[in-house]
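Q: Could you have a look at this structure, given as structure tokens, before my questions?
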Number of protein chains: 2
Amino acid sequence: MNIYDVSERARVSIATVSRVINGNPNVSEKTKQKVLAVMEELGYTPNVFARGLGLNSMNTIGIMCADSSDPFLANAVYFIERELRKNGYDSFLCCTGYALKNKQNYLSLLLSKRVDAIILVGSGFLEFNKKDNAYIIKAAGEVPVMLINGYLNNPNIYCTLCDDYQATFTAAALLLEQGIQNILYLYTSKSYSGTQKMNGYKAAVMEKLQSVNEDLIQCCPGNIEAARDLLLRLSEGGLKFKAVIAVEDILGVGAIKYAKVKKLAIPKDLSIIGYNNSLLAQCCEPELTSVDNHVETLSISTVSTLMRVLDCQKVPNKTTISNDLNIRNTTNF
Amino acid sequence: MNIYDVSERARVSIATVSRVINGNPNVSEKTKQKVLAVMEELGYTPNVFARGLGLNSMNTIGIMCADSSDPFLANAVYFIERELRKNGYDSFLCCTGYALKNKQNYLSLLLSKRVDAIILVGSGFLEFNKKDNAYIIKAAGEVPVMLINGYLNNPNIYCTLCDDYQATFTAAALLLEQGIQNILYLYTSKSYSGTQKMNGYKAAVMEKLQSVNEDLIQCCPGNIEAARDLLLRLSEGGLKFKAVIAVEDILGVGAIKYAKVKKLAIPKDLSIIGYNNSLLAQCCEPELTSVDNHVETLSISTVSTLMRVLDCQKVPNKTTISNDLNIRNTTNF
DNA sequence: AAAATAATTGTAAACGCTTACATGAGTTAA
DNA sequence: TTAACTCATGTAAGCGTTTACAATTATTTT
């Protein structure tokens, strides 16, 4: 079953059928209806490969996401797919994990499948070592690349960011206003958005206290036990802190577990602020105050930018979306 | 850059280059090395569309998953992709959501992209109304379909199941042995595996008590508040229950929240068993006893079955993997 | 009514690969 | 030495589209 079968049955040439398929306006309404009817009748679908050969495009956007079980990323992917569909594009999703090698492999895979553009969801795609981002820059030489929550200065890479600096600045400032001075800052990795977050925290502390205690800035693997145990160790080691700002909700949950072990009252003895406003923030007890970074807005903005890029319009390479705090029971705001 | 450029530079015909690309053994070692070297040198990658036109295959498996933020599904997808890669197949993932319309659309999308097979991850793909599964059966007419945690009787559909019946049977039996007779059973939908689970529960209760109280079987949307509020309503309404078996961890968390509101001690006043042994089970307080359904084994088995199907071997249409209970602090086992 | 123009349709050449079949070069057997 | 065979390579015909260009038909203008 191919375009010839349709053209024969509809008594037109294959060119006309092709025009109908591609919505070319130079077809009379009558002919168009006839062809559509025949296509319907025969249950014809154009062959993607042949189509791709002709158009050199799949009409498909590749989406890469390090970890789809991360609720923030999963949400972003969901909204992005929805928006792409609205715009008539298909999408293929790859969950890459965080290993550089895998990210590189998946990116080549998508390129080799000739996607029309690539969306990298999450700062997990930017390595701290800048050389390791070469694979992204290279890809940007072939198709437009959208980067969510990361920034690379390249004319063919378009970045959509939440205002992480502002988020942690505000979070820290609110705590400082309550007279809480020793705020422990928990981060997982030195990604782009990670750095922004840390700078926001530092700036707020600096503004209020004129100095930052580096001991209060701690790196921690992204799971509950690691966070809990780190806090226990730090506390045993004599470090004093009355609040925790965590760059991911899961670390916030770890802080809650720590408070439980140490029988600290939340938020009286320990205030905790998480990040991403994920499901976890509602699961834990007490429920976690968390930064809401407006995933939906972020996703919509990314796709709309991409559409304009694919349409060869001039578009800024950087868009920032502001976010705010979802106040729950681990803080006394 | 195409196969002609390579053939020219390597001073061989395009047929020979093609043979090298496809690992055809009828090429002398010397020629093969020369061609490979040129391909490397030019950075040549075969065009998927042209390749697809010739081979009528993408070398790609389509994976569909209703909700990748469901940790069970996300895990399964991760392992499946890993296994496929091991076997030299690429994969494309679609997160469909639970709406039938979307599931149908994504399935057509994958078929139209000419994937070599389709893996449906999770019982979310089987509708209670059997007519609504026609789209899956139809797809199975075109490519092999793998179904995880669901069962459809069709020669071209291969099902890998966890033994949900056994899991809830065991869970209920353990509670009954402790003398807990009124076990509330919380489910979300009447999927295939949902039915299995319920039957396991009923069988265990029937065996011990010779009758099942249908009031103790309750349907509930899959979120924390809904579960909490349902239990509150039931309790206000006079229903007595000393244990909850939930078909998803998130409902188990809802039960914990309920206990908190009613100031019930866990597990003394209320035992709770979740399902899937997900991250949520470790987040909550107390941590949730949960059924571990061996996602990795399930995934490996699915892919290995698929490989044999694609290799035209005769394979059974149904494989069952047994599971067991991860005991934490919401039960007194 | 003829000429000019616009709208519609058709023809045929790509697109880059795979592969059946043909060819040619070595090897072996008679 | 030549016939029969094997192994390596090449030729050319598809695969199912898109689209520039040519051809035809319909419409408007004069």
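Q: For segment B:15-92, just list the percent of Cα-Cα distances falling in each 5 Å bin from zero outward, please.
A: 3, 13, 16, 16, 16, 12, 9, 7, 5, 2, 0
Q: Sticking with this structure for a sec: Check which residues have an amide H placed less than 5 Å from B:CYS94's amide H, if you skip close sequence neighbours.
A: B:ILE63, B:MET64, B:CYS65
Q: Shape call for segment B:164-292 from the C-alpha gyration tensor, a ≥ b ≥ c root eigenvalues: rounded (a/c under 1.5), prolate (a/b greater than b/c) or oblate? Numbers along the way, then the final one.
A: On the way: a/c = 1.37, a/b = 1.18, b/c = 1.16.
Rounded, since a/c falls under 1.5.
Q: Rounded, prolate or oblate: pick one for segment B:253-310, where a ≥ b ≥ c are the square roots of the eigenvalues of its C-alpha gyration tensor, a/c under 1.5 means rounded, and failing that, prolate if a/b is larger than b/c, else oblate.
A: On the way: a/c = 4.78, a/b = 4.25, b/c = 1.12.
Verdict is prolate for segment B:253-310.
Q: Next question, about the same structure. Run through the other copies and list how far each one's label point is from that of A:GLY238, in nm with one decimal, shortest first; the point sits 7 Å from Cα along Cα-Cβ.
A: For A:GLY238, the inter-copy label distances come out at 6.5 nm.
Q: Got the relative contact order for chain B handy, in percent, Cα pairs under 8 Å and 6 or more residues apart?
A: Answer for chain B is 15 percent.
Q: Looking at the protein assembly as shown, what % of its DSSP beta bridges pair antiparallel, to the nearest 5?
A: Values: 7 of 79 bridges.
DSSP beta bridges in the protein assembly as shown are roughly 10 percent antiparallel.
Q: Could you work out how much longer the chain between A:LEU111 and A:PHE128 gets when fully extended? Use 0.36 nm per residue separation minus the Cα distance between them, nm to one decimal. Walk me through the numbers before you get to the answer.
A: Values: separation 17, 0.36 × 17 = 6.12 nm, distance 2.38 nm.
Between A:LEU111 and A:PHE128, full extension yields an extra 3.7 nm.
Q: Whole-Hz Karplus ³J(HN,Hα) for segment A:9-17, in order, using 6.51 cos²θ - 1.76 cosθ + 1.60 and θ = phi - 60°, x for Gly and Pro?
A: Calculated HN-Hα couplings, in order: 5, 8, 6, 9, 7, 5, 4, 5, 4 Hz.
Q: List every residue whose amide H lies under 5 Å from the amide H of B:VAL291, counting only residues 5 or more places away in sequence or on a different chain, with H placed 1.01 Å from N in the peptide plane.
A: Under 5 Å from the amide H of B:VAL291 lie the amide H atoms of B:GLY274, B:TYR275, B:ASN276, B:ASN277, B:ASN326, each far enough along the sequence or on another chain.
Q: Per 0.36 nm of contour for each residue apart, how much would the distance between A:ASN22 and A:LYS190 grow if the chain were fully extended, relative to their Cα-Cα spacing? Mind dumping the intermediate values first?
A: Numbers: separation 168, 0.36 × 168 = 60.48 nm, distance 4.63 nm.
Result: 55.9 nm gained on full extension.
Q: If you put +1 on each Lys and Arg Cβ and -1 on each Asp and Glu Cβ, how big is the dipole of the protein assembly as shown around its Cα centre, in Debye rounded to 20?
A: On the way: 68 positive and 64 negative charges, 201 e Å.
Taking the Cα centre of the protein assembly as shown as origin, the dipole is about 960 debye.
Q: Follow-up. Going by the alpha-carbon gyration tensor, a ≥ b ≥ c the square roots of its eigenvalues, is the protein assembly as shown rounded (a/c under 1.5) or, if a/c is not under 1.5, prolate (a/b greater than b/c) versus oblate?
A: Details: a/c = 2.01, a/b = 1.31, b/c = 1.53.
Judged from the Cα gyration tensor, the protein assembly as shown comes out oblate (a/c at least 1.5, b/c at or above a/b).
Q: Give a residue-ordered list of calculated ³J(HN,Hα) values for segment B:179-194 (Karplus: 6.51 cos²θ - 1.76 cosθ + 1.60, θ = phi - 60°; whole Hz; x for Gly, Pro).
A: x, 7, 9, 9, 9, 7, 10, 10, 10, 10, 7, 8, 6, 4, 5, x
Q: Let me ask another. Mind putting a number on the dipole of chain B about its Cα centre? Charges go on the C-beta only, +1 for Lys and Arg and -1 for Asp and Glu, and I need it in Debye to the nearest 20. All intermediate terms of the calculation are to be shown ahead of the outcome.
A: On the way: 34 positive and 32 negative charges, 106 e Å.
I would put it at about 500 debye.
Q: How do the peptides B:110-121, B:237-248, B:305-316 rank, highest first, by the average count of neighbouring beta carbon atoms within 10 Å per residue? List each step's numbers first, then the result.
A: Values: B:110-121: 22.8, B:237-248: 20.2, B:305-316: 13.9.
Ranking the peptides B:110-121, B:237-248, B:305-316 by packing returns B:110-121, B:237-248, B:305-316.
Q: Could you derive backbone 3J(HN,Hα) for segment A:128-137 from the dihedral phi with the Karplus parameters 6.51, -1.76 and 1.60 (θ = phi - 60°), listing whole Hz in sequence and x where the residue is Gly or Pro?
A: The phi angles translate into 5, 6, 4, 4, 6, 8, 4, 5, 6, 4 Hz.
Q: Taking the Cα centre of segment B:212-279 as origin and charging only Cβ (+1 Lys, Arg; -1 Asp, Glu), how large is the dipole, in debye to the nearest 20?
A: Numbers: 9 positive and 8 negative charges, 76 e Å.
It works out to roughly 360 debye.
Q: Can you list the residues, at least 5 places off or on another chain, whose amide H is less than 5 Å from the amide H of A:SER271, using H built in the peptide plane?
A: A:ALA243, A:VAL244
Q: Give me the distance in nm between label points sitting 7 Å out from Cα along the Cα-to-Cβ direction at B:LEU100 and B:THR297, one decimal.
A: Between B:LEU100 and B:THR297, the label points sit 3.5 nm apart.
Q: Could I ask something else about it? In 10 Å bins starting at zero, report the fraction of Cα pairs in chain A per bin as a rounded %.
A: 5, 23, 25, 19, 13, 7, 5, 2, 0
Q: Can you pick out the pairs among A:LYS30/B:LYS101; A:LYS242/B:LYS260; A:LYS262/B:LYS262; A:LYS208/A:LYS242 whose Cα atoms lie more than 23 Å from each other? Could the numbers behind the result be given before it?
A: On the way: A:LYS30/B:LYS101 30 Å; A:LYS242/B:LYS260 26 Å; A:LYS262/B:LYS262 25 Å; A:LYS208/A:LYS242 16 Å.
Going by Cα-Cα distance, A:LYS30/B:LYS101; A:LYS242/B:LYS260; A:LYS262/B:LYS262 fall outside the 23 Å limit.
Q: Given chain B, what percent of its DSSP beta bridges are antiparallel, to the nearest 5? It would help to have the intermediate numbers written out before the result.
A: Values: 3 of 39 bridges.
Among the beta bridges of chain B, antiparallel pairing accounts for roughly 10 percent.
We did not get these values from a lab; they are worked out from the coordinates using the rules stated. For clarity, every value in this text was computed on a predicted model and none was experimentally measured. Here Cβ is always computed from backbone atoms with ideal geometry, including for glycine, and neighbour counts include all displayed protein chains.
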